[in-house]
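Nothing in this text is a laboratory measurement; each read-out follows from the coordinates by a stated rule. What you are looking at is a predicted structure, and each value in this text was computed from that prediction instead of being measured. Cβ placement follows ideal geometry from the backbone for every residue including glycine, while neighbour counts extend to all protein chains displayed.
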Amino acid sequence: MNHVFLKAARKEAVPYTPVWYMRQAGRYQPEYRAIREKHSFFDISHQPELCARVTSLPVKQLGVDAAILFADIMTPLKARGLSVDIVEGVGPVIPDPVRSGSDLAKLGELVPERDVPYVLETVERLRKQLEVPLIGFAGAPFTLASYLIEGGPSKDYHRTKAFMYRRPDDWAAIMNHLAEMTVRYLKAQIDAGAAAIQVFDSWVGALSSEDYRTYIMPAMVGIFSALKETEAVTIYFAAGAAHLLHEWNELPVDVLSIDWRTSPAAVRGRGIAKVLQGNLDPALLLAPLPLLKERARRLLDETNGIPGFIFNLGHGVFPEVRPETLKALTDFIHDYSKTLREQV
Ligand code: CP3
């Protein structure tokens, strides 16, 4: 088993910088597009054999150091009966948005073995098949609530924030419900064989530090404290959230996954000592190859002296990216980070 990713996540010495990519399984791959012609998004996740194949395809093709379970952040809510469609180019759309705390309570508790057996079977298969660790994942309460309340993606999250400010008790109940669901869902993935888990709070950067502390942080402390009881490495991701790094640094989480707007050196300069993951701008995958490599080289130079760095993008791979580009980037990261270590 290639444990370089797990070692880096635990700040142990590694022979090269491990790399994986958010959305490494997806529409940029011709094989994925061919499967999607025959199966809907949620169809794939309901078929463990197919879902495991889609999850492991980028590991074989790119040589990345970790796999990430193929599913969506809405998977556990859909499994509890929430009506949600994945619309191409848009994301999850909820025709009947949540308007009160009781709307969500109606969905009841997630019992993973009963509600998402296909996810657990996929994880079990992957544990046996993969030669790299599997990262399980879930959406974080704020990001899930934003889809539930807005009914889909949003630019400004006004409805979500209005709910949060006007009905703080209902909001707390929603955060609580979603945090409990997330803990059950992630613990079940870990029991089934996920060696690490990433919590996606993609849109929480829309909040100020003060609001994050008041309305979000208790749920995040609850989630990561509960996961401390497991052996799994924990990772927390958001885009556009560098202003929240001091709050994040207080969370009982192992790895912070940052986007391209802030450099890892600047994060270190602010006294954040946790392992970092990121943070190449995914738009650079559309740049000429020499520029892409130059930027990746600079990121590796910058992080070489930092124990505990995992190479990733600042957000997911776009459908327009050529698979050859990601393969060339992966090889470059492995080769160049090896030479950096040989120089020491
Ligand atoms: O490779 C991986 O990263 C694993 C699979 C994965 C998917 N979604 C597959 C997917 C993961 C980890 C996610 C998480 C997810 N889903 C997040 C958090 C990460 C992030 O991007 O911030 C969010 C916000 C969602 C919601 C969502 N689902 C969006 C924004 C989209 C994209 C819509 C589009 O068409 O561009 C989806 C759909 C989705 N999830 C796709 C994939 C491969 C594309 C679906 C398709 O085949 O049409």
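Per-structure values
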quantity	calculated
Computed [θ] at 222 nm, helices only, for the chain once each DSSP H run of length n ≥ 4 contributes -39500 (n - 2.57)	-14000 deg cm²/dmol
Selection from Ile216, Leu50, Ile135, by position along the positive dipole direction of the chain (Cβ)	Ile135
Entries of Lys155/Lys327; Lys274/Lys338; Lys228/Lys327; Lys60/Lys228 with Cα pairs more than 26 Å apart	Lys155/Lys327; Lys228/Lys327; Lys60/Lys228
Estimated FRET transfer efficiency when R0 is 51 angstrom, pair Ile86-Gln343 (beta carbons, to 0.05)	0.65
Kyte-Doolittle mean at least -0.5 and Cα axial length at least 20 Å: DSSP H helices in the chain	48-62, 168-192
Mean Cβ count within 10 Å, highest first, over the residues of peptides 41-51, 197-207, 55-65	197-207, 55-65, 41-51
Relative contact order %, the chain, counting alpha carbon pairs below 8 Å whose residues are six or more apart	22
The range 4-343: radius of gyration and largest Cα-Cα distance (Dmax), Å	19.1, 60
Gain on full stretching of the segment that runs from Ala265 to Arg159 - 0.36 nm per residue minus C-alpha separation	34.6 nm
Förster radius 22 Å - calculated FRET efficiency between Asp331 and His3 (Cβ-Cβ, nearest 0.05)	0.65
Contour minus Cα-Cα distance for Glu294 and Arg322 (0.36 nm per residue)	8.3 nm
Rounded to the nearest 20 debye, dipole of the chain from Cβ charges on Lys, Arg, Asp, Glu	420
